[in-house]
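Down below is the structure, laid out as structure tokens.
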Amino acid sequence: MAVGSLSQNELRSWAMRGAALATPILFILGVWWAIDGFRSLRDGPAPETVASASLQGLREQNRLSAFAANYAAVVTSEQRRFGLSAKKTLIMQGLVRYEVDLAKLGEQDVRWDADNGTLRVKIPPIETAPPQIDLKTIQEYGENGILRAFTDVDDVLDDANRDKGLAELTRQANGPVPMKLAREAFKRAIKQNFEAPLRAAGLDAKVEAYFADELGGNVTTRWNESTPLEEIVK
């Protein structure tokens, strides 16, 4: 019985010692957590965290359309049959929207330069959507009504002009001037989508947006020196 009593007393003693040691350890941990929480409240969220959330929000939009323009096409087609010729001219207008597939915007395309406090975003290539034809503005002019009246030349000319018109609208939309305007519009849109949350979080960070073919010279150097967001998040 004496041995049993001594064993129980020893257990109680060790338990009391363990509790005595745990109290200051828990107190220290509590102070550390309080200080860390205070630091987080004081400094605010990390810019990488805000950028990652912004990236996720953008990708959920699927596609971004930041620019659109109207174009006009004038095309003519000709058919010859039975020694006769028939012509038809089509005037059509169409709206072309410029889009970026945000699913192609990955974490490796968003980089944080901590030294300069700059977030750099590489924008996916711009894609032009098929022209939206304004049917109310279509005008047609034809020649040689006899051939068109007694054959299917009219339908053939309409199909040819429609294809030519769509091709011409697309060609105009991909011209250097509208593409330059579209690029600037997408840069502003992407910059705003990342900059606004950073500002709302109280972070003074710059945002720079580029297209892949613009990353030359010093820009390439800065891009390589920046840390990809996917590495920071890991």
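The values are calculated or read from the model by the stated rules, or taken from the named source; none is laboratory data. Keep in mind that this is a model prediction, so the values were computed, not measured. Cβ coordinates were reconstructed from backbone atoms using ideal geometry, including for glycine residues, and neighbour counts include every protein chain displayed. The accessibility values were calculated without ligands, DNA or RNA, using every heavy atom of the protein model including side chains. Shrake-Rupley method; radii C 1.70, N 1.55, O 1.52, S 1.80 Å.
A few points about this structure:
- Number of the condition not met by Leu203 [criteria: (1) at pLDDT 80 or above; (2) more than 19 Å from the chain's Cα centre (by Cα)]: (1)
- In the set Gly165, Gly142, Gly117, only one residue is open to solvent by less than 50 Å² (accessible area, probe 1.4 Å) and at positive phi; that residue is Gly117.
- Top-ranked residue of region 147-157 - restricted to ones that are in contact with a strand residue (DSSP E or B) (Cβ under 7 Å, 6 or more places away or on another chain) and surrounded by fewer than 17 Cβ atoms within 10 Å (Cβ to Cβ), ranked as modelled with the lowest pLDDT: Thr151
- Close pairs from region 172-196: first more than 30 Å from Val75 (Cα to Cα) and open to solvent by less than 40 Å² (accessible area, probe 1.4 Å), partner part of a helix (DSSP H, G or I) and among the aliphatic types (A, V, I, L, M), Cβ under 9 Å, at least 6 apart: Ile190/Leu58; Phe194/Val50; Phe194/Ala51; Phe194/Leu55; Phe194/Leu58
- Of the residues screened, Thr128 is not one that is among the hydroxyl-bearing types (Ser, Thr, Tyr), more than 22 Å from the chain's Cα centre (by Cα) and surrounded by 14 or more Cβ atoms within 10 Å (Cβ to Cβ).
- All positions within region 52-103 that are modelled with pLDDT of 85 or more, surrounded by 14 or more Cβ atoms within 10 Å (Cβ to Cβ) and small (Gly, Ala, Ser): Ser65, Ala66, Ala68, Ala69, Ala72, Ala73, Ser77, Gly94
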